Amino acid sequence: MPSSSPPALLQRDRIPRPSPMPFSPPLPAPHITELPWCPPERLFPLCREGGASVFLDSGGPAEQERHRWSFLCPRPAGRLTLPLAEMHHLPQHLRAFLAAHAPAGRPSPHLPELPFTGGVIGLLSYEAGMAREGLTSRHATGCPAFTALACRDLFIFDRREQRLWWASADGTPPPGQPATTARPDHPGPSLTPVAEQDAATWQAAVRTVQEYIAAGDIFQANLTMRWVAPRPETLDLHALYNQLRTRCPAPFGAWFHTPDFTLLSASVERFLSLDRQGRIETRPIKGTCPVSDDPQQNDALKEALHRDEKELAENLMITDLMRHDIGRVCQLGSVDVPQLFAVERFAHVHHLVSSVTGQLQRNHDAADLLAATIPPGSVTGAPKYRAMQIIDEVESSARGAYCGTLFRLGWDGALDSSVIIRSISATASHLQVGAGGGITYPSHPEREYEEMCLKAAPLLAVLRDHGA
């Protein structure tokens, strides 16, 4: 039984390439200008539908570092889209695209306190990760395997300090603030998402996964499903995202728009971060319980989650899986788990969150890190390879962008990324929401179904209520 990707997939990428990620040396720097403070929502109308645009939109308490920074690129300078067949060469494509759009010269002093002053913002689908692991899904998907946008001009928001900068590779002046209008920001008629499986069918799939666990195939698998609604011609995605970010503020919120596909994300989960010194962190989330407005009841819910043996085991297995994944490209002995089973509160639920860290090998870069770890371990299972085979067998449709990753890769080689959960995917014909959870042998199918619906409920409410 294979438990990880064939080594050849990683060896194949070790071919002559541009020099590996420089951790501190001088780099071409964009022109950076500080502007009067303006909250991100005031400038989001610059991303009105039409061409491509991207907004990495941190919501929630700005005093926390993961909620602090937002980035808005209203007009990317280039786009790269790749099919699944090219995923074996993902690192080479990503490096070449980053280099092709990098700024030249040294126009202004670099501001090291800014985490991202331009680079590439990209989306990798779940099926792209399957392809990297040597697997092909039996389901068709309308989501591109890989789409990257070159962000040479962007706004940088420090929500904690209420400071705003404009970074431009060529010294292009910032666009003016969009005029405020009195028109209501309603996207149109209400939508009625339909679940692709009823409760009994999904719970039967849970039992099938448990049979594989009992047979020794896997320890755990993340089982999901989707809700789908037709996309009305009058739908205003921009207004829909405004409602999503208001109702579901999240540290990894995002608007990622191209003429063919749009992701509206309220993700709470960091996938990978890589700083300029090559330090890696991944923060797997497994374990969920509701929140309560009653402080005493809320404390009881958190304590129960922290003592739930099934949820703890689920988190531990994924944490160990992520130790293995980043260990493929980390220096020997550098992988550590500084946080295990912390209970963190988000807008609508509590989660168990762990942290895994490591030091990237000197001959590897962010492209290698992504290629070695997609799709995220928290949305696959353990062992990863066999879990993905079983997931594809028992699920009814392709995941597409859901359970993939959205990332930003700077000119300096630093990376940050999220797991695409709590999201709405939009194509020309339909809208899709996904949700799921980790299945272990002690799982109760009815309880797992309720937990999945708890995760999906805020997103489904946005779709059903947005026209009100």
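The values are calculated or read from the model by the stated rules, or taken from the named source; none is laboratory data. The structure displayed is predicted, hence computed values, not measured ones. Heads up, the Cβs are rebuilt from the backbone with ideal geometry, glycines too, and the neighbour counts pull from every protein chain shown. Accessible surface areas use protein heavy atoms only, side chains included; no ligands, DNA or RNA. Shrake-Rupley method; radii C 1.70, N 1.55, O 1.52, S 1.80 Å.
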Quick one, what does Rg over Rh come out to for the stretch 329-417 if you take C-alpha atoms and the Kirkwood Rh? 1.00
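Just from its helices, what would the mean residue ellipticity at 222 nm be for the chain, if runs of 4 or more DSSP H residues each count -39500 (n - 2.57) and the sum is divided by every residue, rounded to the nearest 500 deg cm²/dmol? Before the final figure, lay out the partial values.
On the way: 11 runs with 126 residues, N = 468.
Dividing the helical sum by the residues of the chain leaves -8000 deg cm²/dmol.
Measure off, as a whole percent, the carbon and sulfur share of the 1.4 Å-probe accessible area of the stretch 402-442, all protein chains present. Let's see the in-between values first.
Values: 450 of 780 Å².
With neighbouring chains kept in place, the figure for the stretch 402-442 is 58 percent.
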Backbone HN-Hα couplings from phi across the stretch 59-70 [Karplus 6.51/-1.76/1.60, Hz, Gly and Pro as x]: x, x, x, 5, 6, 7, 4, 5, 9, 7, 9, 10
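Can you order the peptides 122-134, 254-266, 76-88, 33-45 by their average number of other Cβ atoms within 10 Å per residue, highest first?
Working: 122-134: 25.5, 254-266: 22.8, 76-88: 16.5, 33-45: 14.5.
Output ranking for 122-134, 254-266, 76-88, 33-45: 122-134, 254-266, 76-88, 33-45.
Report in % the part of the accessible area of the stretch 50-89 that belongs to carbon and sulfur, leaving out ligands and nucleic acids; probe 1.4 Å.
Values: 880 of 1630 Å².
Exposed carbon and sulfur together represent 54 percent of the surface.
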Check the straight Cα-Cα distances from Lys310 and name the aspartates and glutamates below 13 Å, setting aside those fewer than 8 residues away within the same chain. Glu448
Give the long-range amide H neighbours of Ile420: residues separated by 5 or more places, or on another chain, with amide H under 5 Å away, using H modelled in the peptide plane at 1.01 Å from N. Cys403, Gly404, Thr405, Leu406
Rg [Å, one decimal], Dmax [Å, integer] - the stretch 255-326, C-alpha atoms: 16.9, 48
To the nearest 0.05, what FRET efficiency results for Gln331 and His88 with a Förster distance of 30 Å applied to their C-beta separation? 0.75
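Assuming 0.36 nm per residue, please report the length gained on full extension of the stretch Ala179 to Ala99 beyond their Cα-Cα distance.
Details: separation 80, 0.36 × 80 = 28.80 nm, distance 3.54 nm.
So the extension gain works out to 25.3 nm.
Leaving out ligands, DNA and RNA, what percent of the accessible area of the stretch 235-333 is carbon and sulfur, probe 1.4 Å?
On the way: 1840 of 3760 Å².
Taking all protein chains in place, the stretch 235-333 shows 49 percent carbon and sulfur surface.
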Measure off 7 Å from each Cα along the Cα-to-Cβ vector at Ala199 and His444, then give the distance between these two points in nanometres to one decimal. 1.3
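Find how much the distance from Asp275 to Leu340 grows on full extension, using 0.36 nm per residue of separation minus their present alpha carbon separation; answer in nm with one decimal. Don't jump to the answer; show the numbers that get you there.
Working: separation 65, 0.36 × 65 = 23.40 nm, distance 2.16 nm.
Going from the current span to full extension adds 21.2 nm.
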Over the chain, give the accessible area per residue in Å² for a 1.4 Å probe, as an integer. 38
For the stretch 142-250, what's the radius of gyration and Dmax over Cα atoms, in angstrom? 22.2, 62
For the chain, the dipole about the Cα centre with charges only on Cβ (Lys and Arg +1, Asp and Glu -1), to the nearest 20 debye, works out at 1080
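Just to make sure I understand: if all protein chains stay in place, what is the order of His444, His31 by accessible area at 1.4 Å, largest first? Present the calculation step by step, with values, prior to reporting the outcome.
On the way: His444 110, His31 70 Å².
Heavy-atom accessible area, descending, gives His444, His31.
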Zone of Val291's modelled label, taken as backbone nitrogen in the stretch 244-259 under 15 Å from a point 7 Å along Cα→Cβ: 245-253
